[in-house]
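K.L.:
Pasting a structure here, questions to come.
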Amino acid sequence: MSIELLNETDAKLDAARIIGAVRHVLASLHVHPDAEVSIVLVDAAAIEQLHVQWLDIPGPTDVLSFPMDELRPGSPEHPTPPGMLGDIVLCPEVAAERASEAGHETMHEVLLLTVHSTLHLLGYDHAEADEKREMFELQDRLLAEFEAADA
């Protein structure tokens, strides 16, 4: 899998763990090993500009996902075809605020957002109650698996 991470901030985050979380999600959901994902860490001003531009919502957010080839999860027998999964734009500054509010470490929040946004790239959503339940249960399971293996 080709997973690129570009940190355009001063945040000192473990890039290998962020990439590892994406790898775990993609492997668990049988995405072709040649899939490509890009992750960019940006400041609050940059993500606020994207938030307004793409969602017409003022203010910064923690993460945005930009799917490309509309790849979906596969199965062991039929993995997802290779392609460009998409881009993840994450704001460590907002993630740190959310982590503080939730009472956990910033890196945990960044990994949670990474798993969450990777699921968005694979077509998961949480607009409806049943979609939200499915996505968040999968998100929680995948994050727990990754953090247990990463410990």
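The values are calculated or read from the model by the stated rules, or taken from the named source; none is laboratory data. Keep in mind it's a predicted model, so treat the numbers as computed, not measured. Every residue, glycine as well, gets a Cβ built from its backbone with ideal geometry; the counts of neighbours run over all protein chains shown. Surface accessibility is based on the protein's heavy atoms, side chains included, excluding ligands, DNA and RNA. Shrake-Rupley method; radii C 1.70, N 1.55, O 1.52, S 1.80 Å.
K.L.:
So, in segment 37-53, exactly how many residues are within 17 Å of the chain's Cα centre (by Cα) and free of Cβ contacts under 8 Å to residues at least 40 places away in the same chain?
P.N.:
Number satisfying all stated conditions: 2.
K.L.:
Here's another thing I want to ask about it. Within segment 95-151, count every residue that is of a type in the set (A, V, I, L, M), open to solvent by 40 Å² or more (accessible area, probe 1.4 Å) and not in a helix (DSSP H, G or I).
P.N.:
Going through segment 95-151 one residue at a time, the tally reaches 2.
K.L.:
Right, something else. Which condition number in (1) open to solvent by less than 20 Å² (accessible area, probe 1.4 Å); (2) part of a helix (DSSP H, G or I); (3) not charged (D, E, K, R) is the one that Ile88 fails?
P.N.:
So Ile88 meets the others, but not (2).
K.L.:
Yes or no: segment 20-42 includes at least one residue that is closer than 23 Å to Ala148 by Cα and among the charged types (D, E, K, R).
P.N.:
Yes - at least one qualifying residue is present in segment 20-42.
K.L.:
Are any residues in segment 33-65 among the hydrophobic types (A, V, I, L, M, F, W, C), outside any loop (DSSP other than H, G, I, E, B), in contact with a Leu (Cβ under 8 Å, 6 or more places away or on another chain) and open to solvent by less than 90 Å² (accessible area, probe 1.4 Å), and if so, which ones?
P.N.:
Val37, Ile39, Val40, Leu41, Ile47, Leu50, Val63, Leu64
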